[in-house]
Amino acid sequence: MEYRTLGKTGLSVSVISYGASPLGGVFHNVRETQGVETVHTALEMGMNYIDCSPYYGLTKAESVLGMALKGVERNRYILATKVGRYGDDEFDFSAERVTRSIDESLERLGVDHIDVIQCHDIEFGSIRQVIDETIPALRWAREQGKVRFIGVTGLPLTIFRKVLDEIEIDTVLSYCHYCLNDVTLDSLSPYLNEKRVGVINASALSMGLLTNSGPPDWHPAPALIRDHCAKAAAHCRERGADIAKLALQFALANPRIHTTLVGTARPENIRKNIEWMNEPIDETLLAEVRDILKPIQDQTWPSGRTENN
Ligand code: NAD
């Protein structure tokens, strides 16, 4: 496993990390024992960064993760979770709610501190409130020793500049913006680097678009993006390859990204992903797939409030 420094946090994080949303049954139903086994496999294979949220499975993912982490030495993993999002349409970035949220997460996760606490999908709220109220509340939690580092997450890339232009934070988590069909996160790299921010890339498989089984029903991508990704997946199959492998290898090759989160509740996917990571990328197939995806390259979908897109 290769490790990179997560910006100014100084934390040494595995280049491929564990995304815990599937533990909440976000993609399909998951047995708890299988979820626990997946977390243990991830840790045994050298992943040391785990990303979760009270939103995933409406607290279920945090509870299953808490079970998995019971008895595991605290210094073996870097734990990240979030505040502010509690349902598909339920957001509350108030100081009171996020402060309570940290205590609830600590309880569910069974730990006495969280390493990285992030405001979850801030484009759905008021960025002003996040800057003036939420982040100061998280700093207060940091002074109390409950959290170590502070970050924000969301889909539109504009939100990161809006926050970082005004206030200091430690990490950003971007998703679906550094994968085969969308590399726009890279255009923000010089700015993020200048701010010495830790860069976490999520959804290298574009939340299932770049897999053989395809995206879940709730996936927000419009039909045109889905169709081109399905075509690219079929092309890989015809070549005897798996698009998930190519997608993962592609995302992991970018050194400006400190860690890439991959979500799964299947131990065999963890093993497969790490195996793939250590194999050379098929450059010919990569060029063919990027050509198929060209008509939708860097296209995305709106998320949250209009003014934040
Ligand atoms: P992803 O792109 O990692 O895709 C997950 C899907 O791919 C799942 O269905 C999984 O079973 C499948 N998969 C994983 N490995 C595979 C393999 N080897 N072969 C075939 N299929 C495979 O999307 P994701 O789970 O949404 O993103 C990763 C993590 O990033 C999440 O778990 C979450 O922790 C985090 N995340 C955060 C935000 C946010 O904060 N706003 C948004 C998206 C993701």
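Hey, His120 hits all of (1) under 19 Å from Val172 (Cβ atoms); (2) out of contact with any Gly (no Cβ under 6 Å at 6 or more places or on another chain) but one; which does it fall short on? Unmet for His120, out of (1) under 19 Å from Val172 (Cβ atoms); (2) out of contact with any Gly (no Cβ under 6 Å at 6 or more places or on another chain): (2).
Taking the conditions (1) of a type outside the set (Val, Ile, Thr); (2) within 14 Å of the ligand (Cβ to nearest atom); (3) modelled with pLDDT of 95 or more in turn, Ala223 satisfies each one other than (2). When Thr300, Thr284 are checked against the criterion of being assigned to a helix (DSSP H, G or I), β-branched (Val, Ile, Thr) and more than 30 Å from Thr38 (Cα to Cα), a single residue qualifies: Thr284. Within the stretch 46-66, restricting attention to residues that are closer than 15 Å to Ile78 by Cβ and either without any contact (Cβ under 8 Å) to a residue 24 or more places away in the chain or not in a helix (DSSP H, G or I) (or both), the residue that is farthest from the ligand (Cβ to nearest atom) is Gly46.
Could you tell me whether Val98 is in contact with a strand residue (DSSP E or B) (Cβ under 9 Å, 6 or more places away or on another chain) and buried (at least 17 other Cβ atoms within 10 Å of the Cβ)? Criteria met by Val98.
The C-beta contact set for the stretch 9-25 (first residue farther than 17 Å from Glu44 by Cβ and within 8 Å of the ligand (Cβ to nearest atom), second residue part of a helix (DSSP H, G or I) and of a type in the set (A, V, I, L, M, F, W, C), distance under 7 angstrom, 6+ apart or interchain) comprises Ser21/Ala61.
Residues in the stretch 67-87 that are among the polar types (S, T, N, Q) and either part of a loop (DSSP other than H, G, I, E, B) or farther than 25 Å from Asp121 by Cα (or both): 1 in all.
I'm trying to understand the selection: among the residues of the stretch 139-163, which are within 19 Å of the chain's Cα centre (by Cα) and either among the β-branched types (Val, Ile, Thr) or away from the ligand (no atom under 16 Å from the Cβ) (or both)? Within the stretch 139-163, Val147, Arg148, Ile150, Val152, Thr153, Thr158, Ile159, Arg161, Val163 meet the criteria. Where helices (runs of 4 or more DSSP H) sit wholly within the stretch 183-256, those with at least 2 residues that are over 29 Å from Arg161 (Cα atoms) and touching a Gly at 6+ places or on another chain (Cβ under 8 Å) occupy 223-238.
Among the residues making up the stretch 210-225, those that are buried (at least 16 other Cβ atoms within 10 Å of the Cβ), closer than 21 Å to Asp291 by Cβ and not hydroxyl-bearing (Ser, Thr, Tyr) are Leu210, Ala221, Ile225. None of Gly25, Gly46 is on the phi > 0 side of the Ramachandran plot and touching a Gly at 6+ places or on another chain (Cβ under 8 Å) except Gly25.
Have a look at Gly145, Gly151 and point out the one that is touching a residue at least 24 places away in the same chain (Cβ under 8 Å) and closer than 29 Å to Thr264 by Cβ. Sole residue among the options that is touching a residue at least 24 places away in the same chain (Cβ under 8 Å) and closer than 29 Å to Thr264 by Cβ: Gly151. Check the stretch 149-171 and report whether any residue there is within 17 Å of Asp51 (Cα to Cα) and either part of a helix (DSSP H, G or I) or at pLDDT below 95 (or both). Checked the stretch 149-171: no residue is within 17 Å of Asp51 (Cα to Cα) and either part of a helix (DSSP H, G or I) or at pLDDT below 95 (or both). Just one of the listed residues (Thr306, Thr260) is among the hydroxyl-bearing types (Ser, Thr, Tyr) and crowded, with 16+ Cβ neighbours inside 10 Å, namely Thr260. Only residues that are over 16 Å from Glu2 (Cα atoms) and within 8 Å of the ligand (Cβ to nearest atom) were counted across the stretch 248-267, and they come to 4. Determine whether the stretch 262-271 contains at least one residue that is touching a strand residue (DSSP E or B) at 6+ places or on another chain (Cβ under 7 Å), under 19 Å from Leu157 (Cβ atoms) and not in a helix (DSSP H, G or I). Checking the stretch 262-271: not a single residue is touching a strand residue (DSSP E or B) at 6+ places or on another chain (Cβ under 7 Å), under 19 Å from Leu157 (Cβ atoms) and not in a helix (DSSP H, G or I). Taking each residue of the stretch 123-140 that is on the phi < 0 side of the Ramachandran plot and looking for partners that are in a helix (DSSP H, G or I) and not hydrophobic (A, V, I, L, M, F, W, C) with beta-carbon atoms closer than 7 Å, six or more apart or interchain, yields Glu123/Asn308; Ile127/Lys162; Ile127/Asn308; Ala137/Thr99. Residues in the stretch 1-36 that are within 16 Å of Ala80 (Cβ to Cβ) and charged (D, E, K, R) were compared, and the one that is surrounded by the most Cβ atoms within 10 Å (Cβ to Cβ) is Arg4.
The values are calculated or read from the model by the stated rules, or taken from the named source; none is laboratory data. As the structure is a computational prediction, the values presented were derived from the model and not from experiment. Glycine also receives a Cβ, built like all others from the backbone with ideal geometry; neighbour counts cover every protein chain displayed.
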